[in-house]
Amino acid sequence: MQIRWRFKLQPNIGQQALMSEWLVTLRKHRNYCLAERQRGFETNNQKSDESVMYYYGAFSDLDSRIEYGSYCPLTCPVVKHGVMSSGLTKNSKKHGLIWGNANDIQSKRTTELRSESEWYSRINSDVLQGNLGKLDIAYTGFFQHKRGFPAFRKAANFKTFQFKPGQVKLTVNRESNQPRCYSHAYFPGLGTMRYFDSRTIPVDADIRTVTVIKEADGWYMSILLNLPESLPEVTEIETVKSAVGLDVGINKLISLSDGSFIENPKFATNKKVRRQLRIRQRRVNRKVKGSNNRKKAGKIVAKLHKKIADKRNDHQWKAANKVVNTAEAIVQEDINVLAMKSCCKPKKQQGRFMANGQSAKRGLNRSISDASWGELFSKIAWLALKSGKPVLSVNPKFTSQECSACHHISKANRDGEKFICENCGHIDHADTQASRTILRRANLNFVSKDIKNLPGDSRKVTLVRDDSASNGKQDQGKNRTSKVIPEKRILFEQLSLQLFD
């Protein structure tokens, strides 16, 4: 089983400057190699799904690349699928030309570049080659139709570099009487630096790759560990004895089918935080572009966003643990969060655009992003996988409008957080009954405990004939041919519902 743990680093000033320099050089190296491959791909005369193969030889050295600019070697039209002279094809072995793909050529020229440039010589060779390897993975994935064409990276989007297995050495100095435990890690080319030992790495764990990450509040290292134990087998659906349905929302982050709730703190959308973000972002906009004061103000905003993200991440892990420990199986909605945040369609009228409600929907989109349902479902799936519990996804269509008792679907059933079925009179919290509907749609065959509901009143009225006259109990002075009475009584004081005929 492989897991990834993150630890906070404490580098000195010199190490921070050196790592920042590495990021700048690695980003430029990646963008240059990507531009070279892009121009080489454009010279391919045939539209093929295979990567372009190149001829390279003595003309592909570093001096020739400088002399001819960016047109040698990868952008040279001497490619496998391109047009080449017959003489060059016949005499390819004579002139020392061999086949090679872009990754092999750039890998060899990167080694040559380290001996020529002082900036590249400061970077660890494995880190530099690994940077090129990640670009090759992204570039190959484009030809395999797995993802789009790789994009050029800005400084804000390039914050990591990776060491190969066995390069980083950890020295654990943990003492039981210390509230804060620090250990040391040795990085090739950077030296030894302290890190906060927030969790104990198992002795039998095999350390694989180590990724150094730059965040707004400092530097971190992410360690990929290979543990000897394996994940437990997932319990079969037929043997499940208990299950819980989940309904996610804005006011309540999670509503469980057992009647409990997990609140949504709204870390980024509450009034206090939004005011802080608005003020601090305004300070950034008032600074001169490119100035140091603007960079300082931007760091303050980034730290606030990092603090909000950490709070949200911690709350979601606690919520996911509570959900997984509730039952033996979890049933959730298969919702498309990206589609829920889509923009409203524009309305055209006489050459201009009319109001389409996008301004009002912007607040809903902000709340959905703050709730981060996708990350929450990922955490629940991971914890359930570690516990061997199955996670089922059902169709979320009409779960908030369908009655969990009689399965009647109507938009009028729901009034805010109150739910009262107009067909059978079932009364419940709207989010709770939605979670029970989600649980029912999973079609799990086990005996669940009957949940007692309050007696309800149907919104439909029925004409009922009064037979009291046959018993000799007729009231005089009143015409009682029929009267309208409800089917059931409703507890108005408890539910604060008002029904109108």
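Full extension from Gln144 to Glu233: what is 0.36 nm times the residue separation minus their Cα-Cα distance, to one decimal in nm? The partial results should precede the final answer.
Details: separation 89, 0.36 × 89 = 32.04 nm, distance 3.20 nm.
Length gained between Gln144 and Glu233: 28.8 nm.
So how do Leu9, Leu224 line up by other beta-carbon neighbours within 10 Å, fewest first?
Details: Leu9 21, Leu224 16.
Going from sparsest to densest Cβ surroundings: Leu224, Leu9.
At what distance in angstrom do the alpha carbon centres of the range 120-144 and the range 271-294 lie from each other?
36 Å
Measuring from centroid to centroid over Cα atoms, what is the spacing of the range 349-411 and the range 192-216 in Å?
One Cα centre to the other: 36 Å.
Report, in debye and to the nearest 20, how large the dipole of the range 97-226 comes out about its Cα centre when Lys and Arg carry +1 and Asp and Glu carry -1 on their Cβ. Could the numbers behind the result be given before it?
Numbers: 18 positive and 12 negative charges, 62 e Å.
The calculated dipole for the range 97-226 is roughly 300 debye.
Sort out for me the Cα centre separation of the range 318-340 from the range 21-39, rounded to whole Å.
What the calculation gives is 40 Å, centre to centre.
Work out how much length Ala309 to Val24 would gain on full extension: take 0.36 nm times their residue separation and subtract the Cα-Cα distance, in nm to one decimal.
Numbers: separation 285, 0.36 × 285 = 102.60 nm, distance 2.57 nm.
Taking Ala309 through Val24 to full extension adds about 100.0 nm, to one decimal.
Could I have the simple spin-label model distance between Ile3 and Leu338, label points 7 Å from Cα toward Cβ, reported in nm to one decimal?
Distance between label points: 3.0 nm.
Taking 0.36 nm per residue of separation and subtracting the Cα-Cα distance, what length does fully extending Trp382 through Asn365 add?
Details: separation 17, 0.36 × 17 = 6.12 nm, distance 2.61 nm.
That works out to 3.5 nm of additional length.
How about the range 149-223: which trypsin sites (Lys or Arg not before Pro) there lie in a loop by DSSP and see at most 12 other Cβ atoms within 10 Å? Don't skip to the end; give the middle numbers.
Numbers: sites: Arg153, Lys154, Lys159, Lys169, Arg174, Arg180, Arg194, Arg199, Arg208, Lys214; in loops: Arg153, Lys154, Lys159, Arg174, Arg180, Arg199.
Loop-located and lightly packed - Lys154, Arg174, Arg180, Arg199.
Between Asp104 and Thr160, take the C-beta separation as r, use R0 = 25 Å, and let me know the FRET efficiency to the nearest 0.05. Spell out each step's value before the answer.
Numbers: r = 24 Å, r/R0 = 0.98.
That gives a FRET efficiency of 0.55.
Evaluate the distance, in nm, between pseudo-label points positioned 7 Å from the Cα of Glu118 and of Gln16 along their respective Cα→Cβ axes.
It works out to 2.4 nm between the two label points.
Rounded if a/c is under 1.5, else prolate if a/b beats b/c, else oblate: with a ≥ b ≥ c from the C-alpha gyration tensor eigenvalues square-rooted, which is the range 102-148? Don't skip to the answer; put the middle values down first.
Values: a/c = 3.85, a/b = 2.44, b/c = 1.58.
Prolate.
Among Tyr186, Tyr120, which comes first, then next, by fewest other beta-carbon atoms within 10 Å?
On the way: Tyr186 13, Tyr120 19.
Ranked by crowding around the Cβ, least crowded first: Tyr186, Tyr120.
Past 25 Å, Cα to Cα: identify those pairs from Lys134/Lys266; Lys169/Lys296; Lys8/Lys28; Lys341/Lys379, in the order given. Each step should come with its number before you reach the end.
Working: Lys134/Lys266 36 Å; Lys169/Lys296 34 Å; Lys8/Lys28 27 Å; Lys341/Lys379 21 Å.
With Cα atoms farther than 25 Å apart: Lys134/Lys266; Lys169/Lys296; Lys8/Lys28.
Read the figures in this text as sums done on the coordinates, not as results from a lab. Keep in mind it's a predicted model, so treat the numbers as computed, not measured. Here the Cβ is made from the backbone with ideal geometry for all residues, glycine too, and neighbour counts use every protein chain on show.
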